[in-house]
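Scroll down for the structure; my scribbles are underneath it.
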Amino acid sequence: MDLYYEIKGNGQPVVLIHGGGTDLREWNLLAPILAKHYQVISVDGRGVGQSPTPKGQVNYVEDIRFLIDELGLGKPAIIGHSIGGQIATEFALAYPEKVTNLVLIAPALSGFQGYTEYEQIMQKVMGAAPDVEKMVDLMLHSPMYQVVIHSPQRNLATQMLQDQFQRVLDGPAFEMIWPNPPAIDRLEELTAKTLFIIGEKDLAENFLVLEHFRRIPNVHFIEIPGADHMLPLTHYEALNQEITAFMEE
């Protein structure tokens, strides 16, 4: 396994999959709290943080399978944020025997065609390339970071964005491979007990994604007041409370 990962605590294994524009440092505040009761494994996705940059194609779903098998985790809980939630969903569909609980924090959803505002944000951000400082400033002043930008975690968010944008500009381009058909067409097949968490101030289109997840019979929804898209940076205590209660049911 060539991916970089960190392990904290003991007990039932919990795998944390970070979102876009971040790395495993996104879990710096939540992971230590969860580690009081669980074995917490946070991982840098391929091409992010301290993990190697792929050449050609990358399959993040298979990377998670390799990680679980390599570490002998058996049947862990999977927690994913944003695109990490998309990876977690696809993983739970592909390998239901390898997942106990599934926690999706403002997840993306493969096959969903309504990401209009997000695409507009990223178009502006990437249009500022190669000025990394301007790219970061545009992202921080987007609705996705409207709470983070006024929080003590602004510096951490800034550093992760800087590192990721610079790596994208410096490294070779690679293609993400997703299972087919996309998850949006197979959500009814999810068997893992699922918790869907979203911030009150998240993008409207992510609430449309939530509506698709209502098709799952075994799903519970939580809305965190005052939170934007980046909940793990600002509302980690609320996340810990909700995740722990869900895991212990």
Review point. Hey, got the dipole for the chain? About the Cα centre, +1 on K and R Cβ, -1 on D and E Cβ, debye to the nearest 20?
Key: 240 debye
Practice item. Between the alpha-carbon centers of the stretch 111-128 and the stretch 192-232, tell me the distance in whole angstrom. Key: 20 Å
Practice item. Just name one of Gly114, Ile78, Gly56: the one whose Cα is farthest towards the positive end of the charge dipole of the stretch 1-120 (beta-carbon charges, Lys/Arg +1, Asp/Glu -1). Key: Ile78
Review point. Of all accessible surface on the stretch 72-163 at a 1.4 Å probe, what whole percent is carbon and sulfur?
Key: 50 percent
Check your understanding: What is the sum of charges around Gln162, taking Lys and Arg as +1, Asp and Glu as -1, for the other residues whose C-beta is under 13 Å from the C-beta of Gln162?
Key -> -2
**Study point:** Set of lysines near Lys75 by C-alpha distance (under 22 Å), chain-local residues within fewer than 8 positions excluded
**Key:** Lys8, Lys36, Lys98, Lys193
Check your understanding: Using the Cβ atoms and a cut-off under 15 Å, what net charge is assigned to the surroundings of Thr116, where Lys and Arg are +1 and Asp and Glu are -1?
Key -> -3
Exercise for review: Have a look at Phe196, Phe174, Phe213 and tell me which one the Gaussian network model of the chain (Cα, springs below 10 Å) gives the largest fluctuation.
Suggested key: Phe174
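Could you report the stretch 1-43's accessible area per residue, 1.4 Å probe, as an integer in Å²? Mind dumping the intermediate values first?
Numbers: 1600 Å² over 43 residues.
Solvent-accessible surface per residue comes out at 37 Å².
Relative contact order, percent, of the chain when contacts are C-alpha pairs under 8 Å separated by at least 6 residues?
22 percent
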Check your understanding: In the stretch 178-249, what percent of the accessible surface is made up of carbon and sulfur (1.4 Å probe, ligands and nucleic acids excluded)?
Key -> 49 percent
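What whole-number value in Å² describes the accessible area per residue of the stretch 139-249 for a 1.4 Å probe? Intermediate values should be presented prior to the final figure.
On the way: 5330 Å² over 111 residues.
Per residue, the stretch 139-249 has an accessible area of 48 Å².
Let me check something: with ligands and nucleic acids excluded, how do Glu237, Glu26, Glu200, Glu242 order by accessible area (1.4 Å probe), largest to smallest?
Ranked list, largest accessible area first: Glu237, Glu200, Glu242, Glu26.
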Review point. Simple spin-label model, 7 Å along Cα-to-Cβ: Asn28 to Gln159 in nm?
Key: 0.4 nm
Check your understanding: What nm value, rounded to one decimal, do you get for the distance between Lys124 and Asn218 when each label is placed 7 Å out toward the C-beta?
Key -> 4.2 nm
Point to revise | Mean Cβ neighbour count within 10 Å, used as a protection proxy, ranking 201-211, 176-186 highest first | key: 201-211, 176-186
Study note, to complete from the structure: Using alpha carbon positions and the Kirkwood radius, the Rg to Rh ratio of the stretch 10-69 is 1.00
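Note down the magnitude of the dipole of the stretch 1-66 about its Cα centre, charges +1 on Lys and Arg C-beta and -1 on Asp and Glu C-beta and zero elsewhere, to the nearest 20 debye.
Working: 6 positive and 7 negative charges, 23 e Å.
Its charge dipole is roughly 120 debye.
Compute the signed sum of charges (Lys and Arg +1, Asp and Glu -1) over the other residues within less than 14 Å, Cβ to Cβ, of Gln39. Present the calculation step by step, with values, prior to reporting the outcome.
Working: positive: Lys8, Lys36, Lys75; negative: Glu6.
Taking every Cβ under 14 Å from that of Gln39, the sum is +2.
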Check your understanding: When the label point is put 7 Å from the Cα of Gln241 along its Cα-to-beta-carbon vector, which residues of the stretch 12-40 have a backbone N closer than 19 Å?
Key -> 29-37
**Study point:** Rg and Dmax of the stretch 108-204, Cα atoms only, in Å
**Key:** 16.1, 44
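The values are calculated or read from the model by the stated rules, or taken from the named source; none is laboratory data. Just so we're clear, the structure is a prediction, and the values are computed from it rather than from any experiment. Reconstructed Cβ throughout: ideal geometry from the backbone, glycine too, with neighbour counts over all protein chains shown. Accessible surface is based on the protein model in full, side chains and every heavy atom, while ligands, DNA and RNA are left aside. Shrake-Rupley method; radii C 1.70, N 1.55, O 1.52, S 1.80 Å.
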